Amino acid sequence: MNTWRFIWRGNLLVALVVSAGLVCGAAGPAAAEGPVPVLGDVGLLETVILTAVADTQVAIIPNTTQNFGHDPHMAVAWQPAAYLLRCLVRFDLSSLPANAVVDSALLQLYLTSVEGSVPNLPISAHQVTSPWNETSVSTASYPSYGPVAALINVDSTAGTYKNWVITSLAQGWKVDPMHNYGVALHHAWTGDPYTGFVRVFATREAGGNPPRLVITYHLPPAPKKILLPLALKEQGDGAPGTLIFADDFNDGDLAGWTPHGGTWTNPSTFLQGSYQVYLGTAQNIRPELGTDFVYEGKVTLVSGNAAGLVFRSSADGESSYCLVLDATANCLKPCINWPGWFFSPYSVTVEYGRAYTLRAELVGDLLRVYLDGVHAFTATLGGYYSSGQFGVLVHNGVARFDDLAAWRLP
Ligand SMILES: [Ca+2]
Ligand SMILES: [Ca+2]
């Protein structure tokens, strides 16, 4: 048995719930400040900033063998009858996780100086489609390139990064790194051809503010699960999809359940727990261990504060994840280390006497939660518990549980 309490996680003082209740929803303190964002079905979004692994300007005009690959600057420029300069930049995406899915990519070039009278110079970004060498490319060996992938007007304000959205290019480089030849920057000026202009950008040799690629990505959600009928009651053999345990309580006993606090009975066909202590929580725990699994069951709050499922738990239920219906705060919430800490609660009007089917799919650190067969939310848990036992809890109230079952997942 526990009382709910404050705990520290990193630099966050985690909120506790008292029986006065805490309003569910985005305004909750943990939802607003928690270190564990919940981002729908895609899981945690990560951002990485890559710096260029190759960059140079190339003189298209005049025809020259000169290479600028070691220069601390590169320019997109046009001077009538004098020169036409373009830039090439390449990034290495191999530091991203192998299964990362790129959601966005921003090319950033740091403008160091400007010449000419064009206040906003259109500069287009193009996918490069053939190889080039930073330290040898010149007029004759300028690579092939695709159509305009992004076009922005580069203003005359030096000392800032200018940004092109090149998500589709980066997605291609992630999937097919062998054909990552980088990006080319060309002027797209269509005004007076006798107007000259220069936009100078820092290269990776500049000693600061190198070309950057800001990538946001996510890891794909867990694979779909295999559902077995609750009637299967044999112990699993450890293979994915096999049953870890199931109890419909129709046998009238509580074999396999070890209570920790409270009063637990099987009146006939369900498990009932009662622990009517202010700020008190009682658990009832199974012996079987689970790592990645589906855990499902019917939870009915008869009276009081809250009740729910416990998983990856210690034998006494004290250290665990849980998924709790809270009638005081009217929400369904995942929690860590029993209901001392919760985050991103899902608003539900919790009715006494109604059986809610809770389903937790936990793979690694990703928790997918279903309420009455409908996906409610997905949360990333923070890596506190990697495996443990199954159980149920009741917090200052009376609750019934039925048709509890867990299956292994790959
Ligand atoms: Ca360079
Ligand atoms: Ca039953």
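The values are calculated or read from the model by the stated rules, or taken from the named source; none is laboratory data. In this text, all values refer to a predicted model and were calculated from it rather than measured experimentally. FYI the Cβ positions are ideal-geometry reconstructions off the backbone, even for glycines, and counts take in every protein chain you see.
A few comments on the model shown:
- Against the list (1) under 33 Å from the mean Cα position of the chain (by Cα); (2) more than 16 Å from ALA170 (Cα to Cα), the condition LEU93 fails is (2).
- Of the residues making up the range 367-390, not a single one is in contact with a strand residue (DSSP E or B) (Cβ under 6 Å, 6 or more places away or on another chain), within 16 Å of ligand 2 (Cβ to nearest atom) and closer than 20 Å to LEU271 by Cα.
- Some residue of the range 107-117 being in contact with a strand residue (DSSP E or B) (Cβ under 9 Å, 6 or more places away or on another chain) and without any contact (Cβ under 8 Å) to a residue 40 or more places away in the chain: no
- Screening the range 240-269 for residues that are assigned to a loop (DSSP other than H, G, I, E, B) and within 37 Å of the chain's Cα centre (by Cα) and picking the one that is farthest from ligand 2 (Cβ to nearest atom) gives PRO240.
- Looking across the range 54-91, the residues that are more than 9 Å from ligand 1 (Cβ to nearest atom), in contact (Cβ under 8 Å) with a residue 60 or more places away in the chain, surrounded by fewer than 17 Cβ atoms within 10 Å (Cβ to Cβ) and in a loop (DSSP other than H, G, I, E, B) come down to PRO62, ASN63, THR64, THR65, GLN66, PRO80, ALA82.
- Residue within the range 361-376 that is buried (at least 24 other Cβ atoms within 10 Å of the Cβ), touching a Leu at 6+ places or on another chain (Cβ under 7 Å) and either assigned by TED's automatic domain parsing to the domain that holds GLY241 or in a strand (DSSP E or B) (or both) present: no
- Entry remark, the range 270-290: residues being modelled with pLDDT under 95, assigned to a loop (DSSP other than H, G, I, E, B) and on the phi < 0 side of the Ramachandran plot number 3 in total.
- In the range 321-331 there is no residue matching the filter, namely being farther than 16 Å from HIS395 by Cβ and surrounded by fewer than 24 Cβ atoms within 10 Å (Cβ to Cβ).
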